[in-house]
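A.B. asks: Before I ask anything, let me first share the structure, which is written out below as C-alpha cells.
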Amino acid sequence: MTTATNGSRTAVDDAQGHGRLAGPPVSEWAAAFAAYAPAPESVKVEIAPAYGAFINGRFVETSATFETVNPATEAVLSRVAACGEEEIDAAVAAAREAFPKWAALPGRERGKYLFRIARRIQERARELAILETMDGGKPIRESRDVDIPLAALHFFYYAGWADKLKYAVPGREPKPLGVCAQVIPWNFPLLMAAWKLAPALACGNTCVLKPAETTPLTALRLAEICQEVDLPPGVVNIVTGAGETGRLLVEHGGVDKVAFTGSTGVGKRIAKAVAPTKKRLTLELGGKSANIVFADASLDQAVEGIVQGIYFNQGHVCCAGSRVLVEESVLGEVVEKLKHRMSTLRVGDPLDKNTDLGAINSRAQLDRIEHYLGAGREEAGGFWQSPGDVPTKGYWCKPCLFEGVQPSHVVAREEIFGPVLAVMSFRTPEEAVARANETPYGLAAGVWTDKGSKVRWVAKQLRAGVVWMNTYNRFDPTSPFGGYKESGFGREGGAHGLMPYLG
Ligand code: NAD
Ligand code: MG
C-alpha cells in the first residue's frame, strides 16, 4: 500500500489566493466544499498495488497490466488492468444489457443516482484531490479547488436535468441513444470523466469510459463511488488501457455513440473509423488559443490573465491561452510585468499547497515540450524561462516564453500542451482578429480591454468556441464548451451538452 497525506490547511484558509496562481472562482467552491470534506490532516489515501477494470458493477482482473507512475517522483503507484478485446466485449455487453432498464427509469430516479454520485465526490473530495495530484502531477491547490469541486458540480448540474429533458428539446420526446463509448485525456482526469458521464447518464444512456493511461486512478475511485451509491451494474463501466484499448472501444460494433476528448490526430483517426457506421460522434480536440491584450486594458489584471491562461495546470489545457497577442504600444511593459510575475511562480512538489506549477504529466509529454523548446529557440529566438531549480527526480518544465514570434513559427502554430507561451504583437483590432483566427484550431480566446464595445466586436469576429472577457480559463457546468475547425465539434456543458446524448 502507498499512503500519502496532504499537509495543507483548510481550503477556506487559502481561498483568498493572495496573488498566487489562484485559478478559476476558487473561493465559492472551496467554501462550499470545506463544509463536506474532512480535515485534510486526517486524509490518508490508500493506493492498492493493483486495480482491475470495472465491468458490470465489479472489478475484474486481467492478465495484462500496466504501471501508472507519479510524475513528480517517478515512483510506480499501482498496476492497472490493460483491457483487450475480451474486456471491451464484456463492458459493452454489460452496458447494452443495462440500457433498457436505465433508460426506462423515470428521469427523477436517474437524477437521484447522479445526486448521490455528486455527494460522494464531495465527501471523498480530499482523497480524490490527493490521488489526482499524485497520479497526474497537477498542483494540489488546483485538484482540490478546481478539478474535484467542478466534477461534483457537473453531476449536480446534470442530475437536475434528468427529469426535465423535454424542456431541453421543446416539441419532441427526447430519447437516449444507447451505449456510449467515452475516451478521455490525462489533463483533467476526474473532471473529464464527469463531463462525459453526467450528461450521458442523465439522458438515459449507459457508458463505457476509458481514462487515459497515465491517470487512471481517480476514474477507478469513481467506479467505487458507483458501487457505493448502488448504481445498477452495467450503467457505468470503466475500462483502463492505452490507445489500443481506446481504439477497440470506439470501433466496437455494440456502441451507439462515441465521445472523445484528446489530440486532433487521434480525433481524426476516430472520425475516419466512425464515418462508415451509424454511430453518433462528438470530438473535443486540441487548441492554440489567442489571448488578446489591448493597450487600454488593466495591464496588471491582463498579466494575471496571461499567467492563468498558459501556466494553469502546467499548460496541459486544451483551451490554454498559448498565444498572447499584445498591442504594440504596451508590448514592452506587458512582457516586463509578465517576466516579473513568472519569476514568482513556484515550480515543485505538487502536494505542497504553495506550488503553482506541478510536474509535467509524463516523460513522453516532457519530451514533446522539449522538442518544441528546441524548435522555437532555433526559429523564433527570444526565449526566456523563469529562474530557480526543479527537483532532480520527476518531469519538470519551468514556465517560459518566446518573444518576437511570427505567425509562421512552429511555436505559434502547433499545440505544445506545456507551460510555453508565444508572445506576438498587433497594431489594430483588425490585425489582432486576423492573427487570432490564423490557426487551424478554434477552441477558445481571451480579450482584455476596458471597452465593452471593443470586446463585443472582437468576440463576434473570433472563430472560437469560448471567448473570455477580462478573464481566462473559467469553467462552469452551465456554460457550453467546444470547438470550431480542428478543435472538434459538439458541445459539453449546459443544456447544449445534453444534445449529443439525445436522439
Ligand atoms: P491522445 O489523443 O493521445 O489521448 C487521449 C485519449 O485517447 C487517451 O485516453 C488515449 O489512450 C486515447 N487514445 C489514443 N489513441 C487512440 C485511438 N486510436 N483510438 C481511441 N482512443 C485512443 O491525447 P493526450 O495526449 O492524452 O491528450 C492531450 C490532447 O488532448 C491535447 O491535444 C489536448 O488539446 C487535447 N484535449 C482536448 C480537450 C478538449 O476539451 N477539447 C480537453 C483536454 C485535452
Ligand atoms: Mg500516473
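The values are calculated or read from the model by the stated rules, or taken from the named source; none is laboratory data. Keep in mind that what you see is a predicted model, and the values were worked out from it rather than measured. Here the Cβ is made from the backbone with ideal geometry for all residues, glycine too, and neighbour counts use every protein chain on show. Note: accessible area is taken over every heavy atom of the protein model, side chains too, but ligands, DNA and RNA are not part of it. Shrake-Rupley method; radii C 1.70, N 1.55, O 1.52, S 1.80 Å.
A.B. asks: List pairs: first in segment 451-472 and more than 23 Å from residue 304 (Cβ to Cβ), second basic (Lys, Arg) and open to solvent by 50 Å² or more (accessible area, probe 1.4 Å), Cβ under 6 Å, 6+ apart or cross-chain?
C.D. replies: Going by the 6 Å Cβ cut-off, there are no qualifying pairs.
A.B. asks: Those residues that are more than 16 Å from ligand 2 (Cβ to nearest atom), open to solvent by 10 Å² or more (accessible area, probe 1.4 Å) and either within 19 Å of residue 140 (Cβ to Cβ) or of a type in the set (Phe, Trp, Tyr) (or both), I need them from segment 334-354; list them, please.
C.D. replies: 344, 345, 346, 347, 352, 353, 354
A.B. asks: Scan segment 157-190 residue by residue and report those that are within 30 Å of residue 357 (Cβ to Cβ), more than 16 Å from ligand 2 (Cβ to nearest atom) and either over 22 Å from the mean Cα position of the chain (by Cα) or surrounded by fewer than 24 Cβ atoms within 10 Å (Cβ to Cβ) (or both). Even if it seems obvious, please write down each step before you answer.
C.D. replies: Kept after step one, since they are within 30 Å of residue 357 (Cβ to Cβ), are these residues of segment 157-190: 157, 182-190.
So of that shortlist, the ones also more than 16 Å from ligand 2 (Cβ to nearest atom) come out as 157, 182-183.
Passing the criteria: only 157.
A.B. asks: So, one more: Could you say which residue among 87, 132 is in contact (Cβ under 8 Å) with a residue 60 or more places away in the chain, closer than 20 Å to residue 183 by Cα and in contact with a helix residue (DSSP H, G or I) (Cβ under 6 Å, 6 or more places away or on another chain)?
C.D. replies: Within the list 87, 132, the selection yields 132.
A.B. asks: Mind listing whichever residues of segment 145-156 are under 30 Å from residue 71 (Cβ atoms) and either more than 16 Å from ligand 1 (Cβ to nearest atom) or surrounded by fewer than 24 Cβ atoms within 10 Å (Cβ to Cβ) (or both)?
C.D. replies: Once the filter is applied, which keeps residues that are under 30 Å from residue 71 (Cβ atoms) and either more than 16 Å from ligand 1 (Cβ to nearest atom) or surrounded by fewer than 24 Cβ atoms within 10 Å (Cβ to Cβ) (or both), segment 145-156 yields 145, 148, 149, 150, 152, 153, 155.
A.B. asks: Do any residues in segment 182-210 that are within 13 Å of residue 154 (Cβ to Cβ) have Cβ atoms under 7 Å from those of residues that are of a type in the set (Ser, Thr, Tyr) and within 16 Å of ligand 2 (Cβ to nearest atom), where the two are at least six apart or on different chains, and which pairs are they?
C.D. replies: Taking only residues 6 or more apart or on different chains, the pairs are 190/218.
A.B. asks: Considering segment 438-455 alone, what residues qualify as being surrounded by fewer than 21 Cβ atoms within 10 Å (Cβ to Cβ) and either more than 14 Å from residue 466 (Cα to Cα) or under 21 Å from the mean Cα position of the chain (by Cα) (or both)?
C.D. replies: Selection gives 438, 440, 450, 451, 452, 453, 454.
A.B. asks: For segment 295-306, which positions are in contact with an Asp or Glu (Cβ under 9 Å, 6 or more places away or on another chain) and surrounded by 23 or more Cβ atoms within 10 Å (Cβ to Cβ)?
C.D. replies: 297, the sole residue that qualifies.
A.B. asks: Then there's this: Look through segment 307-333, keep the residues that are farther than 18 Å from residue 437 by Cα and over 15 Å from the mean Cα position of the chain (by Cα), and return whichever of them is farthest from ligand 2 (Cβ to nearest atom).
C.D. replies: 329
A.B. asks: Which residues, taken from segment 134-153, are more than 15 Å from residue 312 (Cα to Cα) and within 16 Å of ligand 2 (Cβ to nearest atom)?
C.D. replies: Scanning segment 134-153 gives 134, 135.
A.B. asks: Among the residues of segment 245-262, how many are in contact (Cβ under 8 Å) with a residue 40 or more places away in the chain and within 10 Å of ligand 1 (Cβ to nearest atom)?
C.D. replies: Residues that pass the stated criteria total 9.
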